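Undergrad: Sharing a structure with you now.
The values are calculated or read from the model by the stated rules, or taken from the named source; none is laboratory data. Predicted, not measured: the structure shown is a model, and the values here were computed from it. When we count neighbours, we look across all protein chains shown, and the Cβ atoms used for this are built from the backbone with ideal geometry, even at glycine. Just the protein is used for accessible areas: all its heavy atoms, side chains included, with ligands, DNA and RNA removed. Shrake-Rupley method; radii C 1.70, N 1.55, O 1.52, S 1.80 Å.
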Amino acid sequence: MKKINIGLLGFGTVGCGMVKILLENREVIESRLGASLALKWVADLDLERDRGVIVDASLLTTDAEMVIDDPEVDIVAELIGGYEPAKSFILRAIENGKHVVTANKALLAVHGHEIFSAASQRGVEVGFEASVGGGIPLIRSIKEGLVANHIQSLFGILNGTANYILTKMTDQRIPFSEVLKEAQALGYAEADPTFDIEGIDTAHKLTILLAIAYGVPIDFDAVYTEGISKVTPLDIKFIKEFGYRIKLLAISKDDGEAVEARVHPTLIPDDSMLANVNEAYNALYMKGDAVGNVMLYGAGAGMMPTGSAVVSDLVDVARNILRGAVGRVPSVGYQPAGTKARRIKSIEELKTEYYFRFSAEDRPGVLSKISGILGKHQISIKSVHQKGRDLVGAVPIVTITHEAKEAAVRMALSEIDQFEVVKDKTVLIRIEDWR
Ligand code: HSE
């Protein structure tokens, strides 16, 4: 049986998942591929730690460059994460004519153009199924399964850690910091959990999805990003009362003229399918012009699910090698000549419904002052509730608006927050209500 040699860089959580799957599912993989995926090297700086997977000691090395330069290695799996040395290793592997498989969304979201161009010029493949949605085959579904469609919109829950935190805060009222520790212990979180909490990891993933959905050049800076660190138990309580659930959503819509690209905490109807994607699960809800709505759901993080996606790329590349069909599907799903820049809308252009929580003194005339400013900026109120009564301090006044313009909302809130009767910065959460 023909052998395809794999050199693994990074024996961490995902690397372990990949190795375990290659060992435990060898038979089924071989019966599907008609060749064997042979682990030639496993490179990591730490070779001592017990990872619960037994690898022949002769495969272990601390010398990543030796792996990349080994002429017998066909595919380099970069599972180190981060920008450097991962980027240099990938570019060197490409230069050496090796195919690359990576889970590194941060790297692709920022340096993807350079990496994909280098690969296309050298005639090698870059597989990155594991970079978005963990074990869910999102990338391949868009690139191949939905190839016939213009993608019109996508809504994604793409960070397991953030979803886990919001789920526990909503359903069990566990404080933010405690849930974060649990998510880290379960192996969901990034090395720097700020990426999970502040929406950066989700924005990395959305950047990659934009490229494969619309054929736009990779541009991480164009994605508006807000995280979940300011979500309070008080807001979660009110949100539930209004019939919503809060999710950290990656949102993109194409209106033909320009594309929206934003990541922020979002209120969605609590009976919608996405609202029921909980714990560390991820989902992507998309609309294609031919297919209609499609939702993909599954484990978005963790050793084995992400390992499953990595191995799917290894098999894909191996199939192409065996058939001499490398480059059959372009890395980002579009031919280089078919990629075109689109205008990405700024957040000020957004039109949506809003949840506001004002903290204001509880006395006559306060509400009319607030609603007067909203009215002046053409922001129409759908419902308003004052929660409780406090004659000394401030009370929360929760307001849901009809569709309004973000630029107007920002101006109105900055005026309102300057009133003496308003005691704290107003909380703003955007709503996507498709009921
Ligand atoms: N930290 C990521 C998450 C891992 O929590 O979803 C998968 O990309």
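Undergrad: Per-residue HN-Hα couplings for the range 140-155, Karplus 6.51 cos²θ - 1.76 cosθ + 1.60 at θ = phi - 60°, whole Hz, x for Gly and Pro?
TA: 5, 5, 6, 5, 10, x, 10, 4, 7, 10, 7, 7, 9, 7, 8, 10
Undergrad: Please report the relative contact order for the range 170-322, taking Cα pairs under 8 Å with a sequence separation of at least 6, and give it as a percent rounded to a whole number.
TA: Details: 173 pairs, mean separation 26.3, N = 153.
After rounding, I find 17 percent.
Undergrad: Taking square-rooted eigenvalues a ≥ b ≥ c of the alpha carbon gyration tensor, is the range 63-209 rounded, prolate or oblate, where a/c under 1.5 means rounded and, failing that, a/b exceeding b/c means prolate? Write out the running numbers ahead of the final one.
TA: On the way: a/c = 2.72, a/b = 1.56, b/c = 1.74.
Note, shape of the range 63-209 comes out oblate.
Undergrad: Of all alpha-carbon pairs in the chain, indicate the percentage at a distance above 27 angstrom.
TA: Summing the P(r) tail past 27 Å for the chain gives 55 percent.
Undergrad: Moving on. Looking only at the range 103-135, which residues have a backbone nitrogen under 15 Å from a spot 7 Å from the Cα of Tyr83 in the C-beta direction?
TA: Output list for this probe position: 105-115.
Undergrad: Keeping every protein chain present and rolling a 1.4 Å probe, give me the accessible area per residue for the chain in Å².
TA: Working: 18790 Å² over 435 residues.
Roughly 43 Å² per residue, with all protein chains present.
Undergrad: By how many degrees, 0 to 90 and rounded to 10, does the Cα axis of helix 303-323 deviate from the longest principal axis of the chain?
TA: So the helix axis and the longest Cα principal axis differ by about 50 degrees.
Undergrad: Let me ask something additional. Rank Lys205, Lys387 by accessible area, highest first, at a 1.4 Å probe radius? Don't skip to the end; give the middle numbers.
TA: Values: Lys205 10, Lys387 50 Å².
Sorted descending by solvent-accessible area, the residues read Lys387, Lys205.
Undergrad: Gain in length, Leu322 to Lys425, computed as 0.36 nm per residue apart minus the alpha-carbon separation, to one decimal in nm? Walk me through the intermediate numbers first.
TA: On the way: separation 103, 0.36 × 103 = 37.08 nm, distance 6.05 nm.
Net length gain for the segment: 31.0 nm.
Undergrad: Between Glu257 and Asp192, what is the FRET efficiency for a Förster distance of 25 Å, r being their Cβ-Cβ separation, to the nearest 0.05?
TA: Between Glu257 and Asp192 the formula returns 0.10.
Undergrad: With a 1.4 Å probe and every protein chain kept in, tell me what percent of the accessible surface of the chain is carbon plus sulfur.
TA: Values: 9610 of 18790 Å².
Accessible surface attributable to carbon and sulfur in the chain totals 51 percent.
Undergrad: Measuring from label point to label point, each 7 Å out along Cα→Cβ, what is the Gln418 to Ala337 span in nm?
TA: 5.6 nm
Undergrad: Going from most exposed to least, what order do Phe128, Phe419 have by accessible area with a 1.4 Å probe? Don't skip to the end; give the middle numbers.
TA: Values: Phe128 5, Phe419 45 Å².
Reading off the accessible areas and sorting them downward yields Phe419, Phe128.
Undergrad: Given labels modelled 7 Å from the Cα in the Cβ direction, how far is it in nm from Asn96 to Gln121?
TA: Result for the modelled spin labels: 2.0 nm.
Undergrad: Between Arg32 and Val291, what FRET efficiency follows from the Cβ-Cβ distance if R0 is 30 Å, with the result rounded to 0.05? List each step's numbers first, then the result.
TA: Details: r = 26 Å, r/R0 = 0.87.
With R0 = 30 Å, the Cβ-Cβ based efficiency is 0.70.
Undergrad: Okay, helix-only estimate at 222 nm for the chain: each DSSP H run of n ≥ 4 adds -39500 (n - 2.57), divide by all residues, round to 500 deg cm²/dmol; what do you get?
TA: -10500 deg cm²/dmol
Undergrad: How do the peptides 358-368, 66-76, 43-53 rank, highest first, by the average count of neighbouring beta carbon atoms within 10 Å per residue?
TA: Working: 358-368: 15.5, 66-76: 19.0, 43-53: 12.5.
Ranking, from highest mean packing down: 66-76, 358-368, 43-53.
Undergrad: Further, regarding this structure: Please grab the % of Cα pairs in the range 265-364 that end up more than 23 Å from each other.
TA: Working: 3031 of 4950 pairs.
Summing the P(r) of the range 265-364 above 23 Å gives 61 percent of all pairs.
Undergrad: PRE reach from Lys2 (point 7 Å along Cα→Cβ): which of the range 316-356 fall under 16 Å by backbone N?
TA: Within reach of a label on Lys2, which here means backbone N under 16 Å from a point 7 Å along Cα→Cβ, the range 316-356 contributes 316-328.
Undergrad: Right, here's the next one. Mind pulling the angle between the C-alpha long axis of helix 13-24 and the longest principal axis of the chain? Nearest 10 degrees, somewhere in 0 to 90.
TA: Value to nearest ten degrees: 50.
Undergrad: At 0.36 nm per residue, minus the direct Cα-Cα distance, what do His402 and Glu178 gain on full extension? Give it in nm, one decimal, please.
TA: Numbers: separation 224, 0.36 × 224 = 80.64 nm, distance 3.54 nm.
Full-extension gain reported as 77.1 nm.
Undergrad: Using a Förster radius of 30 Å, what is the FRET efficiency between Glu279 and Leu234 based on their Cβ-Cβ separation? Nearest 0.05, please.
TA: Numbers: r = 23 Å, r/R0 = 0.77.
Rounded to the nearest 0.05, the efficiency is 0.85.
Undergrad: Going highest first, how would you order 255-261, 328-334, 211-217 by mean Cβ packing within 10 Å?
TA: Numbers: 255-261: 15.6, 328-334: 18.9, 211-217: 21.3.
Per-residue Cβ counts within 10 Å, averaged per peptide and sorted highest first, yield 211-217, 328-334, 255-261.
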